[in-house]
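As structure tokens, the structure follows; a few thoughts come after it.
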Amino acid sequence: MQELPAASPPQNVFPVLVFGKNSRKTVDDFAVENKLDPKALRRTYAASGLIECGNLHGAGQLTLTDQVVTTAAHVFFDEKGAPTAKSCIFVLETDGKQIGVPIDLSSVIAGSTNPYAVAEVHDWAVARLAKPVEGVQPYGIAEASAVNAPVEFVARGHVDWGEGRRLSMEKCHLHDQLASGKEGTREFSFDCETGDGASGGAVLAQTDKPEISAILVGWTSNKPFHAAPFSPTHYNFVVTMEGAFRQAVQTMANKVYVAK
């Protein structure tokens with residue numbers, strides 16, 4: 001989702017919100033910067049993938065189980081509240097190979113099935129895969145988010161980044177709480193860099209194991225094609241995995257366990 005659209009962009013240029021130097025890192029660069037093992041990082045964050053719906057895509061990730069994915073509602077529903085495609089698949093990389101698993105669209109639970117017509121705080125969704133993804137550890141769910149909390153944004157999908165498939169990693173902070181939803185979700189601004197196509201990606205708490213605090217939903221900017229300082233008119237924003245969102249993930253995960 002986007003707000004305050006600027007004038008038409010130059011040809012072949014996509015909105016990429018940065019706040020000075022672009023701090024997105026590849027897995028290898030992130031590993032070097034933080035003195036970590038890149039192979040271990042790839043295993044740790046293998047749950048992050050793409051949700052491809054026809055010619056469109058967003059980011060998503062395995063959450064709680066190997067058969068449940070979380071993302072933004074606008075990945076599944078367009079500006080008119082209609083499905084973005086008749087079928088969607090979840091694509092991720094494991095052991096250096098890309099695999100795709102169909103998404104059961106009848107299972108989708110969302111904060112809104114018409115996300116462009118309501119406040120951004122309702123722009124969340126959870127869905128079940130047609131079958132489990134073997135050999136990949138899903139993300140857990142973090143405790144409640146807070147102002148100025150340190151986070152990591154880990155996602156695929158940035159249209160300007162590795163053809164939208166390469167994993168991007170960076171550390172940053174949540175900033176102001178912008179809104180709260182009746183279902184218990186909250187919206188925060190945050191200062192990680194993002195690009196179109198990464199909506200729904202995981203905003204992880206900086207804990208010992210990967211746990212989701214929130215998902216990327218969109219950006220607000222009066223200068224979306226230029227680097228500018230983080231400000232009330234130039235920021236990215238997230239929706240927290242709390243309230244009904246958290247409950248939907250837990251309920252679907254429990255149903256998957258029962259089915260197994």
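The values are calculated or read from the model by the stated rules, or taken from the named source; none is laboratory data. Quick caveat, the model's predicted, so the values are computed rather than measured. Here Cβ is always computed from backbone atoms with ideal geometry, including for glycine, and neighbour counts include all displayed protein chains. Note: accessible area is taken over every heavy atom of the protein model, side chains too, but ligands, DNA and RNA are not part of it. Shrake-Rupley method; radii C 1.70, N 1.55, O 1.52, S 1.80 Å.
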Next item on the list: Could you grab me the full set of residues in region 75-95 that are surrounded by fewer than 21 Cβ atoms within 10 Å (Cβ to Cβ), within 16 Å of the chain's Cα centre (by Cα) and within 19 Å of Asn114 (Cα to Cα)?
Entry: none
Next item on the list: Residue by residue through region 31-74, note down the ones that are open to solvent by 10 Å² or more (accessible area, probe 1.4 Å) and either within 16 Å of Trp124 (Cβ to Cβ) or in a helix (DSSP H, G or I) (or both).
Entry: Val32, Glu33, Asn34, Pro38, Lys39, Ala40, Leu41, Arg42, Arg43, Thr44, Leu64, His74
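Hey, can you tell me all the residues within region 41-55 that are of a type in the set (A, V, I, L, M), out of contact with any helix residue (DSSP H, G or I) (no Cβ under 8 Å at 6 or more places or on another chain) and either without any contact (Cβ under 8 Å) to a residue 24 or more places away in the chain or over 14 Å from Val101 (Cα atoms) (or both)? So that I can check it myself, show each step before the final result.
If we filter region 41-55 for residues that are of a type in the set (A, V, I, L, M), which is where we start, we get 41, 46-47, 50-51.
If we keep only those that are out of contact with any helix residue (DSSP H, G or I) (no Cβ under 8 Å at 6 or more places or on another chain) too, we end up with 46-47.
Residue satisfying the conditions is Ala46 alone.
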Checklist line | Count of region 46-61 residues which are farther than 17 Å from Val217 by Cα and of a type in the set (A, V, I, L, M) | finding: 2
Check: What is the number of the single condition among (1) closer than 19 Å to Leu167 by Cα; (2) without any contact (Cβ under 8 Å) to a residue 60 or more places away in the chain; (3) not hydrophobic (A, V, I, L, M, F, W, C) that Gln98 does not meet?
Finding: (2)
Next item on the list: Return a yes/no flag: does region 239-247 have any residue that is open to solvent by less than 30 Å² (accessible area, probe 1.4 Å) and assigned to a strand (DSSP E or B).
Entry: yes
Next item on the list: Hey, can you tell me all the residues within region 215-260 that are modelled with pLDDT of 90 or more and among the small types (Gly, Ala, Ser)?
Entry: Gly243, Ala244, Ala248, Ala253
